[in-house]
Structures are given as C-alpha cells and as structure tokens.
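Presented below is the structure to which this report refers.
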Amino acid sequence: MTAAIELREASVIRARRPILNQASLVCQPGQFSVFCGPNGAGKTTAFSVLSGAIKPDAGGVFLGMEPMAAIGADALARRRAVVAQQPVLTFPFLVHEVIAMGRTPHEGKTSLKTDQDIIEHALKALELEHLADRNYLTLSGGERQRVHIARALAQIWPHDQDKSTIRWLLLDEPTSALDLKYEIALMRLLADLARQGWGVVAVLHDLRLVLEYADHVILFKSGKTVDSGMPHDVLTPEAIQSTYDLDAPYAL
Amino acid sequence: MAEHAVSTAAAPIAALGHGRRRRGHILLVVCAVLAGLGTLFGITVGPLGIAPSDVFAILLKSVGLGEAQGVSKVKIGVVENIRMPRVVLAICVGGALGASGATLQGFFRNTLADPGLVGISAGGALAAVAMIVLGTTTLFELRQLLGAFALPSAAFLGSLVAVALIYQLARIDRRVIVATMLLAGVAANALATAGIGYLTFLADDTQLRDLTFWTLGSLGGATWATALPACAFMIVSIIGLLSLQRAMNCLLLGEGDAFALGVNVEAVKLKAALLTALGVGAATAACGIVGFIGLVVPHLVRLIAGPDHRYVLPGSALLGAALVLGADLVARLSVAPAELPLGVVTAAIGAPFFFWLLVRDKSRTQAG
C-alpha cells in the first residue's frame, strides 16, 4: 500500500495533438517534488491531471492507490489543495475572507474556533497578518499570490479531529510574482511542510531553487516525462542542455 | 516563516471583518423592515384608504381567526382580492429578481449582468406571450395540460433558452467576454420586443394586454389565480438560489479553483442557470419585464455588506422585495387615478444607476 500520488501513462489530447503523451510519474508524501522542463512541455497539463481538474484521455491518475475519479470532489478537497497560475478574483473580498474560503470543504465539520485558528496560522505562514483586513483588489500581484497560497494552506491545515490524513499541496508556478525574499521564504515553507509529512508538488522554472530545496524532480519534454530522481542526479549539465535545447551543457 | 512564533499582530482573527459582518446583519434587518413597511403601505394606501387595524382584522379573518366585525365588505374585498395578491406578487417578483441578479453577476463574474439587460426577462416574456396567443391554437393541448402553470412554465423555458444562449456566446475559454454578454442581451431584447409586438398584433383583445404590459411590466390586475402559480415558481427559485451561497463565493475565484475547493462546478452552474430562469421567467410571466432590479439591488447590498454571497443573496432577495413594493406604490400613486407601468419606475431608478456604474468603471480603468 503506497500513499503516493501518481500518473500512469496518462495522455491528454487537444485538437487531435497529444499535449501530454503517456506520462508516468510518482510523487511521494514527505517529499517536495518539482516539475521542470521547457515551455509547452506539458508540465501544467500533468499538474492539472494530478489535481483532478482535467481527466486524462488515456491512462490513469491515482491518489494512494485509489483512482482520482473515484474520490468525490468534496473528499478530495479536504486532503489536497491547489494553487493555480492565474487568479481571476475580481470582487472586493477582504484578504482574510479569501483565505476563509479555503475552509469551504470543511463546512459543518470543523468548529468556528478551529477555522479561525487555521486562518490565523495560514496568515502567519505567508506573513500576511498586516494585510488581513485589506481589500484583495488593492493588493499587488505578489501579495495576491501569497493570499492564494495561504488559502490553499488553510484548506488542508491539520487540526485536532484529523491529523493523520496525508496532505497534498499542489502549486503551479507559485513564485512567478514573488520577490526574492518571499521566493526564498516560500521554498523554505514548502520544504518544511514536506518534512512534516505533506506531499508537496510544484511546477517551477528556476532550476537553482529546485537544486537547493526540492527532494525530487521530474523533467518534462514534448509532453513526456524524460527523467526523474534527486535534483543533483537529474539536473546534470548535459541533461539540461538536451531538455532545453541549449547550444552547450549548462552547469547550475 | 514556517516557525509560528506567538503573534504580536494587532487584531485577533475573530475580530477581523467584524465591521462587514455587522453591517451585513444590520442590512438584512433593515431590508426586512423596509419590505414589511412596503407590504403595509401597499395594502393600506390607495383610492380607498384602509386603516392598518382594519387590515389586521381582515388578515385574521382570511386565515380563519376572527370575523373582522365593523369592517365594510368593500374593504374586505379590496384587501383580499386586489391588494393582497398584488403585494404578495410584488414581494416574490422583487425577491426573485434580486436573488437572480446577484446569482447572474456571480455566475458571469461580472457586476453588469442583469436579467433584463442580458435578455433573460425578454426570453421569458416572448415565450409567455407565445403561450397566450398560440395557446388557443397550436399549443392548445399543452396549455390545457399545464393549466394555471402554463404561463410561468413557458416563460421558464424562454428564459432558460436565453441563459444558455448568452452563456454559450459570451464564454470563451473559461472567460466571459462582457461586451459580448451585453450585446447578446441587446440582440435578445430586440428580438423579443419584435416577437412580442408581432404576437400582440395577431392576438385579439381578450387574449392579451397591450405591448407595454409585457415590455415595461406592471403589477396591476394581479389576481390570486394568476399570481399564485408564478409565486410558487419564484419561491422555489429564491430558496434554491439561497442554498448556493458558499458555492457562488468559490465560483468567484474561478472554476478551476472552485473545483479544487470541492465545489461540483458543473452542477452548481446548472442549478444557478435553471433557478435563475425559473425565477425570472415566472416573474416575467406574472408582470412583464421589470428591468434593473437585478442590477441595482445586488450592487447596493455589496456596497454595504461586501461581496460575500451569504449576505448578498438574502440581502438582494429582501431589498428586491422592498424596492418592487416601493416602486409599485410610486407607480400606483404618482399619476392616480391612472397608473404608471412598474417598469417605467424601476427604469427611472435603474438607468441612471447603470450610467453611474459605467462612469465609475471608466474612471477606474483610466486610473489603472
């Protein structure tokens, strides 16, 4: 019995072209896993399949040996949270209200006190306390990104009634709008959550960050997974050259 | 940042958003009181003034408690058969249009969506008129089968077609193109007005009230027989829409994020579309196209209580009821003994409000 989240020869076809082509991968709980690869390599598609947002046209996606499709959206939402690439919120919610939406799948299952404690933890974890009562629409792009990460944390934060379930945090380019300080802080947070037993899966472009913080890297090219393993083993100068079509080997 | 030091931050989380929540609660109470006052005035005020105490006695008599002694038969008749159905219809129409407007705005993630502007009312009106005119010929058997529910059912279908059409047209790649949404509404409204005009021309006098009833709306002439079936539809719609509060909040984050939060997105969208069409269609079948309620009311509620649908939906239903009750009083009293179409009054309030929204959005765009 494995608790991993995995794709088995998953394919996604769009306009009769496979944008994900029989991709297989396994991400373990307790590890910070990262998807890398050039633009259009299928990282975000694989990410969406893994999160349950799109169903593969062929192949399977499993969470702890269970087919993802067999888990109800509601039950799934209590154990895995997703930080998407582009937020679309255009209504003037306050920051803590946005984070409180993360508690939606627990409605009626956790007490108001528990929810408030969790929201407070999430605010702190992303250093958002001073913005808690601000209108979300007045925030900068990086601040908004941190709000959505905090919302995802609040969604699956462990609490007294449920400490044992494995938490899965999936993030698609979560550092795209963050400055250096928060980029580093987020990497540390993700590595820390993985140490606490969470499964963390992120799509990242900055290979240096991957090398420094990730436990496991999966390399994508042309809709396929070409290699996976420890970052130091996978991200060799030659592998980077061939994956990204560079003129010469590239050492990090 | 993962080390959670003891917080020295100012406000505890329980105190956050306290202002908004309190304003939300106060708003709900105030709207309910306004709707109550509107109901009282709607029953007591008119060519025949009836004292509140008499109204009370008559209402007790209607539910089988008391005899309403000393109250004239005329007054009893006026309250029971003219004013009561009218205010009950006004409450349902206002509630349904307010809640539907709030839902549509969340559904399209845009605050310019309104059942009237995007043509959902027009679709319902056209289908209702078609049912009346063709109900004696082509659709005779269907009309017989549905009985008193024929009109609201037809209007529900007409509104549903309009919702589906606008959704298909205005949505590209999980995004809603606002200009297309509003232009589709312009086209739907023009088409429905033409269709209603043609059908009114075909109809004989006994079949149809005039064109203005359908295009500008009126609560005049409401009877229990016409009001009750429509009200049943509207009440189902309002209650159903209120149950979507949490899901509508999540939908504002985008469909992908809503799914990640455990919302069954397709089911919620389908429910929202069906219930909106049900409420708007029934309102239109009973009193024609009453514009701008669904636009103005959710905006006012959001201004006071913020965008949380747990306040926006019930607040819009209550304020919608209060506003339609008030607008109907103006319609009845301003040119008495004649009567203005209700839609004239709501447009007089709503159209300038719409302009204000456009000006506000324009200055925001320039600033940004």
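For the stretch A:69-94, name all the residues that are part of a helix (DSSP H, G or I), more than 7 Å from every other protein chain (Cβ to nearest Cβ) and more than 23 Å from A:L193 (Cα to Cα).
Matches in the stretch A:69-94: A:A69, A:A70.
Only one of these conditions is not met by A:S24: (1) facing chain B (nearest Cβ under 9 Å); (2) open to solvent by 40 Å² or more (accessible area, probe 1.4 Å). Which number is it?
(1)
Among the numbered conditions (1) assigned to a helix (DSSP H, G or I); (2) facing chain B (nearest Cβ under 8 Å); (3) β-branched (V, I, T), tell me where A:I118 comes up short.
It is condition (2) that A:I118 fails.
Within the stretch B:93-133, can you find the residues that are under 15 Å from B:V290 (Cα atoms) and open to solvent by 10 Å² or more (accessible area, probe 1.4 Å)?
Answer for the stretch B:93-133, where residues must be under 15 Å from B:V290 (Cα atoms) and open to solvent by 10 Å² or more (accessible area, probe 1.4 Å): B:G116, B:L117, B:G123, B:L126.
I'm trying to understand the selection: among the residues of the stretch A:78-110, which are touching a residue at least 60 places away in the same chain (Cβ under 8 Å) and open to solvent by 10 Å² or more (accessible area, probe 1.4 Å)?
A:R78, A:R79, A:V82, A:A84, A:Q85, A:P87
Let me confirm something: among B:E266, B:E255, which residue is free of Cβ contacts under 8 Å to residues at least 12 places away in the same chain, within 24 Å of A:P105 (Cβ to Cβ) and surrounded by fewer than 24 Cβ atoms within 10 Å (Cβ to Cβ)?
B:E266
For the stretch A:111-138, what are the residues that are in contact (Cβ under 8 Å) with a residue 12 or more places away in the chain and open to solvent by 10 Å² or more (accessible area, probe 1.4 Å)?
A:T114, A:D115, A:D117, A:I119, A:H121, A:E127, A:D133, A:R134, A:N135, A:L137 - these are the residues of the stretch A:111-138 that are in contact (Cβ under 8 Å) with a residue 12 or more places away in the chain and open to solvent by 10 Å² or more (accessible area, probe 1.4 Å).
Considering B:P314, B:P337, B:P298, B:P352, which residue is in a helix (DSSP H, G or I) and open to solvent by 60 Å² or more (accessible area, probe 1.4 Å)?
Sole residue among the options that is in a helix (DSSP H, G or I) and open to solvent by 60 Å² or more (accessible area, probe 1.4 Å): B:P352.
In the set B:V88, B:V29, which member is modelled with pLDDT of 95 or more, away from chain A (no Cβ under 14 Å), under 29 Å from B:V312 (Cα atoms) and more than 19 Å from the chain's Cα centre (by Cα)?
B:V29
May I ask you to say which residue of A:A132, A:A125 is touching a His at 6+ places or on another chain (Cβ under 6 Å) and facing chain B (nearest Cβ under 10 Å)?
Selected residue: A:A132, the only one of A:A132, A:A125 that is touching a His at 6+ places or on another chain (Cβ under 6 Å) and facing chain B (nearest Cβ under 10 Å).
Yes or no: A:E66 among the charged types (D, E, K, R) and surrounded by fewer than 18 Cβ atoms within 10 Å (Cβ to Cβ)?
So A:E66 fits the description; yes.
State whether one or more residues within the stretch A:43-51 are touching a His at 6+ places or on another chain (Cβ under 7 Å) and under 27 Å from A:N21 (Cα atoms).
Looking through the stretch A:43-51, none of the residues is touching a His at 6+ places or on another chain (Cβ under 7 Å) and under 27 Å from A:N21 (Cα atoms).
With the stretch A:153-239 as the region, which strands (runs of 3 or more DSSP E) entirely inside it contain at least 1 residues that are under 18 Å from A:S48 (Cα atoms) and open to solvent by less than 10 Å² (accessible area, probe 1.4 Å)?
Passing ranges, in order: A:168-172, A:199-203, A:216-221.
Could you list, ordered by first residue, the pairs with Cβ atoms under 6 Å in which the first is in the stretch A:156-174 and without any contact (Cβ under 8 Å) to a residue 60 or more places away in the chain and over 15 Å from A:L190 (Cα atoms) and the second is part of a helix (DSSP H, G or I) and open to solvent by 10 Å² or more (accessible area, probe 1.4 Å), at least 6 apart or interchain?
Listed by first residue and then by second, the contacts come to A:H159/A:T114.
The values are calculated or read from the model by the stated rules, or taken from the named source; none is laboratory data. From a predicted model like this one, the values you see are computed outputs, not experimental measurements. Glycine also receives a Cβ, built like all others from the backbone with ideal geometry; neighbour counts cover every protein chain displayed. The accessibility values were calculated without ligands, DNA or RNA, using every heavy atom of the protein model including side chains. Shrake-Rupley method; radii C 1.70, N 1.55, O 1.52, S 1.80 Å.
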